[in-house]
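Readers should treat all values here as calculations from the given coordinates under stated rules, not as data from a laboratory. The shown structure was predicted, so the numbers you read here are calculated from the model rather than taken from an experiment. So basically every Cβ, Gly included, is an ideal-geometry build from the backbone, and we count neighbours across all protein chains shown.
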Amino acid sequence: MKINKHSWTIVAMVAISTGTVGCSNSTGRADSVQIPVSPADFETTVDGVPVKLYTLSNDELTVTITNYGARIVSLQVPDRQGKPVDVVLGYRDLSHYRQEGEAYFGAIVGRYGNRIAGGRFSLDGQVYQLELNDGPNTLHGGKNGFSGKVWEVQQATADSLVLRYIADDGEAGFPGRLEATVTYRLTTDNGLAIRYRATTDKPTVVNLTNHAYFNLNGAGDPTILDHTLMIHADDYSPVNETLIPTGEIAGVSGTPFDFREPKAIGARIDAANEQLKYGQGYDHNFVLRKSPGLQPVAMVTGPKTGIVMEVLTEEPGMQFYSGNFMDEVQGGKGDHIYHHRSAFCLETQHFPDSPNQPQFPSTVLRPGEVYQTETVYRFR
């Protein structure tokens with residue numbers, strides 16, 4: 001997260017929403033790419049605001065996004081034979097995204113991604129109580145978080161989409177009227193870039209991220225334990241039994257959390273380790289080994305498709321979640337049922353519970369400052 005006192009300009013765009021995408025670029029794919037859901041199953045009005053699907057495409061990638069929760073619904077990437085593979089889990093229609101207990105599939109989560117202990121923090125001497133929605137804690141902004149909001153579509157082109165949501169002062173218990181903007185953009189080097197921007201009229205805390213669930217063998221494949229993962233992190237954040245960081249920064253060396261060299265996700269996931277027991281697998285923040293700026297921090301390979309995904313970010317941390325709490329999830333695209341550990345998340349972020357842990361990188365945003373950060377999921 002970068003905070004500065006300068007704004008940035010958004011390029012004018014034209015909105016698109018279609019069931020297929022025809023490519024009209026210089027290299028030109030030979031045929032249109034079918035999206036795996038029907039736009040009609042997403043077109044409705046929620047809280048008086050229209051909801052639609054928006055499909056972006058370039059020579060290699062096709063991504064479908066709904067402005068409900070600013071969610072990635074599908075992301076199609078060519079496999080080693082050039083066949084499009086949908087690598088993001090999602091539901092077949094909007095009604096499933098709106099059901100109680102939905103697991104943030106593809107959503108932008110906020111105003112504070114990840115957990116805040118007790119749903120409480122102090123800022124400038126004032127204590128704020130948030131909505132509790134994860135046992136004794138607040139997770140991903142509470143019951144009234146950004147994942148369940150309809151975002152305003154500001155601008156779009158064939159390969160980019162700009163969405164905005166304005167959270168009122170006191171919404172979900174957070175201080176300040178926060179204006180948040182998310183820009184999805186397909187890059188020329190086969191990446192999906194996500195750029196976040198926010199401003200506030202009162203001191204507040206902000207930690208935005210995307211909660212896409214990936215399976216590089218294809219959404220609906222039964223496991224991600226065969227995927228090979230590498231994370232540029234020498235340390236991680238141990239947690240207590242409610243998955244709140246203890247405040248310690250612990251080395252990964254000699255532990256199941258050492259992904260400094262590529263390893264299968266499933267190789268040590270059931271090891272006799274207290275931290276893995278707490279998360280029922282991996283659900284931990286990794287302290288990224290990087291200098292400031294957008295840099296590669298992780299790489300994942302799907303063995304069946306040969307698809308490689310590289311994660312680049314400006315953030316200091318990344319939550320690796322191995323789909324431990326997934327259990328026969330119904331309503332998936334193509335009538336898939338999503339099984340235990342059939343997806344993983346790599347959520348770039350500031351650290352969980354930072355508002356209560358002053359030794360962690362700060363997530364405070366003040367009036368006159370601009371929160372902005374970028375993450376890219378790049379494929380080959």
Do you know the relative contact order of the chain, to the nearest whole percent, from alpha carbon pairs under 8 angstrom that are 6+ apart? 19
Under 28 Å from the Cα of LYS263, which lysines turn up, not counting those fewer than eight places away in the same chain? LYS83, LYS277, LYS290, LYS304
Net charge within 9 Å of ASP41 by Cβ-Cβ distance, Lys/Arg positive one each and Asp/Glu negative one each, not counting ASP41 itself? -1
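Pulled fully out, how much extra length does the chain show between ASP41 and GLN155, if you take 0.36 nm times their separation in residues and subtract their Cα-Cα distance?
38.8 nm
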Determine, from the Cβ-Cβ distance of ASN133 and ARG380 and an R0 of 45 Å, the FRET efficiency 1/(1 + (r/R0)^6), rounded to the nearest 0.05. 0.75
I need the peptides 204-213, 348-357 ranked by packing, meaning the mean over residues of other C-beta atoms within 10 angstrom, with the highest value on top. 204-213, 348-357
Quick one: which residues, 5 or more positions from VAL85 or on another chain, have an amide H under 5 Å from its amide H? H modelled 1.01 Å from N in the peptide plane, none for Pro or chain starts. VAL77, ASP79
Through the Karplus equation 6.51 cos²θ - 1.76 cosθ + 1.60, θ set to phi - 60°, convert the phi angles of region 90-106 into ³J(HN,Hα) values in whole Hz; use x for Gly and Pro. x, 8, 7, 8, 5, 4, 6, 5, 8, 6, 5, x, 4, 9, 6, 4, x
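So what's the net charge close to THR181: Lys and Arg +1, Asp and Glu -1, counting the other residues with Cβ under 10 Å from its Cβ?
Result for the neighbourhood of THR181: +1.
Relative to the present Cα-Cα distance, how much length would full extension add between VAL308 and ASP59 at 0.36 nm per residue of separation? Could you put the intermediate results ahead of the total?
Values: separation 249, 0.36 × 249 = 89.64 nm, distance 1.71 nm.
So the chain would gain 87.9 nm between VAL308 and ASP59.
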In the list (i) 0.94; (ii) 1.01; (iii) 1.09, the entry giving Rg/Rh (Cα atoms, Kirkwood Rh) computed from the coordinates is (i)
Full-stretch length increase - GLN34, ASP258 - with 0.36 nm per residue and alpha-carbon distance subtracted: 76.7 nm
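Given +1 on the Cβ of Lys and Arg, -1 on the Cβ of Asp and Glu, and no further charges, what dipole in debye does the chain carry about its Cα centre, rounded to the nearest 20?
Its charge dipole is roughly 600 debye.
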